[in-house]
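The structure appears below as structure tokens.
Only the coordinates and a few stated rules stand behind these numbers; no lab work does. Because the structure is predicted, anything quoted here is derived from the model rather than measured. Note: ideal-geometry Cβ built from the backbone for every residue, glycine included; neighbour counts use all protein chains shown.
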Amino acid sequence: MNSEPARIRPYRPDDLDELYRICVQTADNGQDATSMFRDPRLPGHVHAAPYALFEPSLAFVAQDAGGVGGYIVAALDSQAFEQRLERVWPLPASMADRSAGVGRAQFRIPAR
């Protein structure tokens with residue numbers, strides 16, 4: 001058991017892989033969603049990485065002796081941020097047309 005409390009610190013570029021990891025490990029309503037995605041980086045590519053890369057001053061991680069275990073990300077201006085993403089942040093091809101249901105191809109649907 002680690003007795004050192006986590007500390008919140010500013011995001012650093014070398015934290016990016018940890019954001020991707022944490023995002024997929026919590027993407028199923030707080031539970032690990034790794035088995036749900038063909039590309040386990042997809043949740044982080046949508047929900048974490050763009051904030052850390054485009055708004056690094058508003059990105060923070062929680063770290064203890066075991067490493068990074070959480071993150072907080074934000075955008076100062078949500079509308080401007082969304083417009084920027086539409087211009088410069090590539091979505092995987094399977095996510096490009098959600099209206100056609102193509103994005104479901106990224107999910108592994110368990111047999112019942």
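Odds and ends about this structure:
- Here Leu58 fulfils each of the conditions (1) over 21 Å from Phe81 (Cα atoms); (2) touching a strand residue (DSSP E or B) at 6+ places or on another chain (Cβ under 8 Å) apart from (1).
- Summed over the stretch 34-72, residues that are in contact (Cβ under 8 Å) with a residue 60 or more places away in the chain and of a type in the set (A, V, I, L, M, F, W, C) total 5.
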